[in-house]
Amino acid sequence: MSHDLVNRLLTGLPAEAVLTDPDVTASYANDMASFCPAGAPAAVVMPRTVEQVQHVMRTATELRVPVVPQGARTGLSGGANATDGCIVLSLVRMDRILEINPVDRIAVVEPGVVNAALSRAVGEHGLYYPPDPSSWEQCTIGGNIGTASGGLCCVKYGVTAEYVLGLDVVLADGRLMSTGRRTAKGVAGYDLTRLFVGSEGSLGIVVRAVLALKPQPPRQLVLAAEFASAAAACDAVCRIMEGGHVPSLLELMDRTTVKAVNDMAHMGLPETTEALLLAAFDTPDPAPDLAAVGALCEAAGATQVVPAEDTAESELLLQARRLSLTALEAVRGVTMIDDVCVPRSRLGDMLDGVERIAEKHRLTIGVVAHAGDGNTHPTVCFDANDEDESRRARESFDAIMALGLELGGTITGEHGVGVLKKEWLAREIGPVGVELQRGIKQVFDPLGILNPGKLF
Ligand SMILES: Cc1cc2nc3c(=O)[nH]c(=O)nc-3n(C[C@H](O)[C@H](O)[C@H](O)COP(=O)(O)OP(=O)(O)OC[C@H]3O[C@@H](n4cnc5c(N)ncnc54)[C@H](O)[C@@H]3O)c2cc1C
């Protein structure tokens, strides 16, 4: 079977694009999530053209072989994990920026373009592609679309879904379909573009994307506020949002996270505080906004408010924030990263609940949050070699999702469902929701070969 599969693939692909050495293919089995099973791929295919992707999907349909699309595999839900005998379809070699159009304010890109590379390229035209996951130096636009990624600046500019105007998608049977538009407006038919965003490779392979751009804003200036409790920092977030401010970033790091970042990168962040809030403005004159937000932080009980002196110092603070998840990994060797998003007004209850869960399960759980969005990443730190600790880690990870739902939130704000949260999706959307979503999957993928075992 595998031999036949490889021979068929090679009829439409150069040999260097089809990897079959088991040591090599095994290295494509996982994304970065813990506790997610992965199978052994039959082959890893690395196409460079749309026609090659179509050839892969036609072959997979004929031979009934599952296909797992992959970007940079920085995903945190097992969404890009291989299944036994599958074709891993890695889109990283399709990495061309095809067009940057300042009049239409769009970029047209292939799926393997790295997020930060696109940001830099459009920046040269005075333009801005806002969605900026902390993994932006690695993750791809295809993966960002697959997971509907967020990032640091989403509190002002919104998430990936708001920037995807149109897509070219190779369907399960190899047909090519275009959705959406490259115009500023357009409402022709169902919004299939939006349906593909966040579909985790389960409905089709994104081979080209039309992305909306904004004019490049001025460099942002960051303010750091220290708090004696997470509750006080959350209160400050509520006051800032209630006060009508529009920060370009509003991020929270708890004491555990701050210490982890300092331990890893010696950033000199203040370790005596319980929570550090970073707020930024990218307006032409951010000083009045920063002063107003600083005053609100003090009213909420901030022990110290320190505006960055310049953009270089601001960038250093952002770098510290971006390192958070990687730094927390070093605490006990492995992490499970929750992604619960709650209404901002419940952020304090969320952090309070996470603290209780950590105590109950006797674990270190560092919290880093896109606080302005209510999107928390409680990060369970554990030693994977310790069976009991691993069990407690999984239990606390689940308890955090249950808490999020209780507070009117969602189990995933930006990382997706993948393998990790399958049972939790059903709990969140209910049996009717699951039935209809399965029906949609059936329309696009009647043979069930596209990224099977994810979402449901
Ligand atoms: C240190 C760190 C920090 C992170 N910070 C953030 C953050 O701030 N915000 C955030 O949202 N996420 C964050 N993430 C998670 C991750 O980076 C994002 O989910 C990212 O969008 C994944 O992109 P990728 O290229 O690695 O995709 P992959 O992990 O390879 O794939 C992700 C999903 O998309 C599907 N897919 C990939 N390419 C295609 C395609 N061309 N067509 C169809 N489906 C496709 C895959 O099947 C999979 O389901 C972080 C991860 C790490 C490790």
> Between rounded, prolate and oblate, where does region 25-144 land on the alpha carbon gyration tensor, with a ≥ b ≥ c its root eigenvalues, rounded for a/c under 1.5, else prolate if a/b exceeds b/c?
Replying inline: oblate
> Summing +1 for each Lys or Arg and -1 for each Asp or Glu, what net charge is found among the other residues whose Cβ lies under 14 Å from the Cβ of ARG182?
Replying inline: +1
> Using alpha carbons only, how many degrees (0 to 90, rounded to 10) separate the axis of helix 387-406 from the longest principal axis of the chain?
Replying inline: 80 degrees
> So, with a 1.4 angstrom probe, what is the percent of accessible area on the chain that is carbon and sulfur?
Replying inline: 53 percent
> What do you reckon, how do ASP254, ASP349 stack up by accessible area (1.4 Å probe), largest on top?
Replying inline: ASP349, ASP254
>> Can you tell me the orientation of helix 230-242 relative to the chain, as the angle in degrees between its alpha-carbon axis and the longest Cα principal axis, to the nearest 10?
In response: 80 degrees
> Roughly how much of LEU171 is accessible, in Å² to the nearest 10, using a 1.4 Å probe?
Replying inline: 20 Å²
> Setting aside same-chain residues fewer than 8 positions from LYS441, which aspartates and glutamates have a Cα under 15 Å from its Cα?
Replying inline: ASP173, GLU200
>> Using the crude model of +1 on Lys and Arg Cβ and -1 on Asp and Glu Cβ, and no other charge, please compute the dipole size for the chain relative to its Cα centre, in debye to 20.
In response: 1380 debye
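Restricting attention to region 186-282, which chymotrypsin sites (Phe, Trp or Tyr not before Pro) occupy a DSSP loop and are surrounded by at most 16 other Cβ atoms within 10 Å?
Of the chymotrypsin sites (Phe, Trp or Tyr not before Pro), the ones in loops of region 186-282 whose Cβ has at most 16 other Cβ atoms within 10 Å are TYR190.
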>> Restricting to DSSP loop positions (anything but H, G, I, E, B) with no more than 16 other Cβ atoms inside 10 Å of their own Cβ, which trypsin sites (Lys or Arg not before Pro) remain in region 310-377?
In response: ARG362
>> Rounding to the nearest 10 and keeping the result within 0 to 90°, find how far the Cα-based axis of helix 311-322 lies from the longest principal axis of the chain.
In response: 60 degrees
> Out of residues 5 or more away from GLY366 or on other chains, whose amide H comes under 5 Å of its own, with H placed 1.01 Å from N in the peptide plane?
Replying inline: THR379, CYS381
> Can you flag which of LYS156/LYS185; LYS156/LYS214; LYS421/LYS454; LYS156/LYS421 are past 19 Å Cα-Cα?
Replying inline: LYS156/LYS185; LYS156/LYS421
> Full extension from ASN7 to GLU124: what is 0.36 nm times the residue separation minus their Cα-Cα distance, to one decimal in nm?
Replying inline: 37.7 nm
> Out of THR412, THR303, GLY348, whose Cα points farthest toward the positive end of the dipole of region 295-454 (charges: +1 Lys, Arg; -1 Asp, Glu; placed on Cβ)?
Replying inline: THR412
>> 5 Å is the cut-off here: which amide hydrogens, built 1.01 Å from N in the peptide plane, fall below it relative to ARG208, excluding neighbours closer than 5 in sequence?
In response: ASP168
>> Under the rule of at least 5 residues apart or a separate chain, name every residue whose amide H is placed under 5 Å from the amide H of VAL334.
In response: PHE382, ALA384
> Simple spin-label model, 7 Å along Cα-to-Cβ: ARG394 to GLU162 in nm?
Replying inline: 3.8 nm
> Hey, what do the phi angles of region 63-77 turn into as Karplus ³J(HN,Hα) couplings, whole Hz, using 6.51/-1.76/1.60 and θ = phi - 60°, x for Gly and Pro?
Replying inline: 9, 6, 9, x, 10, 10, x, 9, x, 8, 6, 8, x, 10, 9
> Among rounded, prolate and oblate, which fits the chain when a ≥ b ≥ c are the square roots of the eigenvalues of its C-alpha gyration tensor, a/c under 1.5 means rounded, and a/b larger than b/c means prolate?
Replying inline: prolate
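The values are calculated or read from the model by the stated rules, or taken from the named source; none is laboratory data. All values derive from a computational prediction rather than experimental measurement. Using ideal geometry, Cβ is built from the backbone for each residue, glycine included, and neighbour counts are taken over all protein chains shown. For the accessible areas, the whole protein counts, side chains as well, though only heavy atoms, and no ligand, DNA or RNA atoms are used. Shrake-Rupley method; radii C 1.70, N 1.55, O 1.52, S 1.80 Å.
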